[in-house]
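Beneath this line is the structure, given in structure tokens, with notes to follow.
The values are calculated or read from the model by the stated rules, or taken from the named source; none is laboratory data. Quick caveat: nothing in here was measured; it's all calculated off a predicted structure. Backbone-built Cβ (ideal geometry, glycine too); neighbour counts: all protein chains shown.
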Amino acid sequence: MCRFSPILPIGGIARQDADMAGKLQIQPWGMFQLKSAEGVCTPKGMKESGLVALLAFSPQMHRSREWLQDRLWSDRTTSQAQGSLRRALSNLRKSLGPAADVVGSDRNSIWLETAQVEVQQTPPQPEAEFCGSLTIKDPEFEDWRRDQQLQQDPPEEELFRIQPSAPVQSAPRLRVLIQSLGEPDDRIEAFAMEHLSMLLTKRLLTLGEIEIVTEGSGQAEETSAFSTTIELRSHALGGWLSIHLRLLSGEHRSCFWADHLSLELDMAALMTRNELAPFVARAAGAIAHRLPQRQQSDLPRCLRVQRASELLFTGNRSRIDHGDLLLEKLQGEENDGMVSAWRSFAKLTQALEFGDFSPEVTQQALSLADDSLIDSRSNSVVIALASIVNMKLGSDFDYGFYLAKEAHGYCGDDPYALNALCQAHFFRSEYDQAYQLSKTARSVAAGLPNKYYWDIQACLAALGVGQLEEARDFAWQSHLRWPSCRPPLRYLVALSLLQGDWDAAQSFAAKLRRLEPGFDFSQLLTEDYPVETLRRTGMISELSGLLSS
């Protein structure tokens, strides 16, 4: 029998016969369908059906609103997700008609009345896919759906059949073809395109397990064998070089992202990489974060790691915990340095954001960082994350500085390596170096969905050199990119106070109270409140004087 025994809702009714008598019947296999006494009542909207599926396969058929928002609207701000959930709940009740009272809710949670709900546990056909008809373009929902599919038990007859041993199938690798089209007109153009190809290769290798082939190297294959193709064209005109880049994927090589760059055809300009590095960053970011939206099944492992790691930067406790859980699952499938490094960073994030500096969390984070270096010592992202964890949790600033320099040496255009080196200089009170590195890191973080992280790091570095107006602008940019993230709001409150802008300080404090109920200005002065840069730069004393006057 095919069943979901680990997650069967307590109190729910699970029958295998076609004649089910519950007030609401849920058929999740293949074509997702809801039935009531009035007949089929499946909502027209995918998110509404997804909401029912999420509840039906939750403990007690009950979930918090925040958890549901994270699975269906993970790319929205908190207020947007709350509004979308309210609309979806209203639409769902209208679709259910007389069965609407099966769905219960309060200010914090939504649930299904388990005594009135029946869930078909057995697929009508063996090959039927769980929630197969639900096309919900949210990676969090797709991860959940895939997890449920994997929890199926094998058919009963298979339990008694001796199975031949088979080699363990590892997850597919990300395979990238860098394809240069056309012939360069001169040697400088030829060098520029080869240099660009090398920069793309170095940056993509920071993603982890990835195979890169450059056309013309004698290794090129049919383009259909690759996850994506980077198509490059160049045109040299009047001393300028115009580069056109397209990212292609799928059987028909459809384009899912494109960009162009014009720069002076000059050797010195090419070597400084001031324009090439952000261009490369945008392309790498598009591969890491847009390709998964097109390739929902059989996703390469390194992209699954990237998707999980993005959740660690949200500032949302449930999303951070979910990201850590996804990484723990990946580590259980196949241990590697990249996963260990991100799990270590997850522990650091939990400690910094939520004050969990227990010896157990600290030791676990440092142990994971050590393990990551053993497994992947040549990856700049892995080394950079280990550097930051050792500095911020281990207070080992010399070792952190050593690791940061090593990470930067492997890939000087890696935003994580640049950020680690920036923070290492900052901890050594070398504020000018930290300030310059923060601006470079912010530039090459272009294209990343968590770019606001580099905005706030630039804010902190600007504080080190006394650039309060610039620091406030960086914090504002970070807040605009992710309104529900708390660190930018904390520094916007503090900087507004330091600049005498009390109205702005009150406005930002009101926003912060939605995330930290009970917040008031005096909390900025407490020793354990996470505004360490204000204390390190001595600005906390000035702030204390302003608040006491």
Tally, over segment 56-83, of residues that are in a helix (DSSP H, G or I) and within 17 Å of Thr135 (Cα to Cα): 5
Filter result for Leu546 (in contact (Cβ under 8 Å) with a residue 12 or more places away in the chain, more than 25 Å from Leu393 (Cα to Cα) and of a type in the set (A, V, I, L, M, F, W, C)): yes
All positions within segment 93-102 that are free of Cβ contacts under 8 Å to residues at least 40 places away in the same chain and of a type outside the set (Lys, Arg): Ala100, Asp101
Test: residue in segment 389-411 that is basic (Lys, Arg) and assigned to a helix (DSSP H, G or I): yes
Residue match in segment 506-527 (condition: touching a residue at least 24 places away in the same chain (Cβ under 8 Å), within 25 Å of Cys422 (Cα to Cα) and surrounded by 17 or more Cβ atoms within 10 Å (Cβ to Cβ)): yes
Which listed residue is over 23 Å from the mean Cα position of the chain (by Cα), outside the structural domain of Ser74 (by TED's automatic domain parsing), under 28 Å from Thr440 (Cβ atoms) and of a type outside the set (S, T, N, Q), from Glu469, Glu542: Glu469
Tally of residues being without any contact (Cβ under 8 Å) to a residue 24 or more places away in the chain and of a type in the set (Phe, Trp, Tyr) across segment 475-505: 2
Candidate set: segment 275-329, residues that are assigned to a loop (DSSP other than H, G, I, E, B) and closer than 23 Å to Ser227 by Cβ; chosen: the one modelled with the highest pLDDT: Pro300
Segment 501-537, residues that are among the small types (Gly, Ala, Ser) and closer than 22 Å to Trp476 by Cα: Ala504, Ala505, Ser507, Ala509, Ala510, Ser522
